[in-house]
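Just so it is clear, none of the values below were taken in a lab; they were calculated from the coordinates. Remember, it's a predicted structure, so these values are computed and weren't measured experimentally. Backbone-built Cβ (ideal geometry, glycine too); neighbour counts: all protein chains shown.
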Amino acid sequence: MARLLELQRASLAFGGLHAVRDLDLDVREGEIVSLIGPNGAGKTTIFNLITGVYTPTGGDIRFADQSIAGLLPHKITRLGVARTFQSLRLFLNMTVKENVKAATYGATKAMPWESILRTPRARREEREVDALAEDVLSFFGERLMGYRWDQPAYVLSYANRRRLEIARALAARPRLLLLDEPAAGMNPSETHEITELIGRLRDERGVTILVIEHDMHVVEGISDRVIALDHGEKVTEGTFDHCATHPAVVESYLGRDPDALAAE
């Protein structure tokens, strides 16, 4: 599989604080790769580097063989990268369908005056956006279908808000989808559903996925490969079993030497 995303010795420093240091990371086309590590390991910072929120202070970030280091976020989105956030960023007073349609307007070509005058191009694009939103929402089944399209987002359950944020990201037609703790705050049943959903995103929609997740059951259930981080540096990578039992990973979570812990 070809590399879709590659971080080449990527670094980010805030003054004397190194949030990410000389990180080499790649995601291949069609993979689901999980980033794990304790709080403060630099996982969300890496997402912010990839999506243009931060500009790396060293190294390079490449997407589809093109350097995206320093590009503005909306330009990176247009290249095919979309994300969700650890804290939900929905438009709560807009309807479910409007939230999804909002992700498409940066790619439409009709000018504002054309929308006001309802020109043929503006009407055609509106029909296309409407059809795309309905197609994306249908992927989530009854959770976001039918009467829910016209409901304001604030009436949704927490789990359905999480699904809606994924739906909105999917409406940007990404090649690479970044999911920041998609199962956070969910009960076991909801967690199982989101695990299955992530697999379907890859298998049925052809989306490559890089995910941050603390729930190891989710990580085990979805990952082709796992990358473990601590203090902005890669600890190890490989299969879930390899990373979950790696001494440096165990120590980064427990804060103690695993051999000493086992001897107690």
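The table below gives the values:
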| quantity | calculated |
| --- | --- |
| Student exercise, the chain dipole from Lys, Arg, Asp, Glu Cβ charges, in Debye to nearest 20 | 1500 |
| Charge dipole (the stretch 37-97, unit charges on Cβ, about Cα centre) - positive-most of Gly70, Thr84, Leu49 | Thr84 |
| The stretch 89-182: Rg to Rh, with Rh as the Kirkwood radius over Cα pairs | 0.99 |
| Spacing of the two label points (7 Å from each Cα toward its C-beta) at Glu220 and His74, in nm | 4.5 |
| Degrees between helix 120-138 axis and first principal axis of the chain (Cα, 0 to 90, nearest 10) | 50 |
| Rg and Dmax [Cα atoms of the stretch 127-237; Å; Rg one decimal, Dmax integer] | 15.0, 48 |
| Integer Hz, Karplus 6.51/-1.76/1.60 couplings in order for the stretch 157-162, x for Gly and Pro | 5, 4, 4, 6, 5, 4 |
| Spin-label zone in the stretch 164-189 - amide nitrogen under 14 Å from a point set 7 Å from the Cα of Leu88 along the C-beta vector | 164-168, 182-187 |
| Dimensionless Rg/Rh of the stretch 1-147 - Kirkwood Rh, Rg from C-alpha atoms | 1.04 |
| Listed residues Leu132, Gln151, Pro120: farthest to the positive end of the dipole of the stretch 89-182 (Cβ charges) | Pro120 |
| Test item: Cα-centred dipole of the stretch 58-119, Lys/Arg +1 and Asp/Glu -1 on Cβ, debye | 160 |
| Cα-projected label distance for Leu17 with Asn187, points at 7 Å along beta-carbon direction, nm | 3.8 |
| Rh by Kirkwood over Cα pairs, then Stokes-Einstein D for the chain at 1.002 mPa s and 20 °C, µm²/s | 109 |
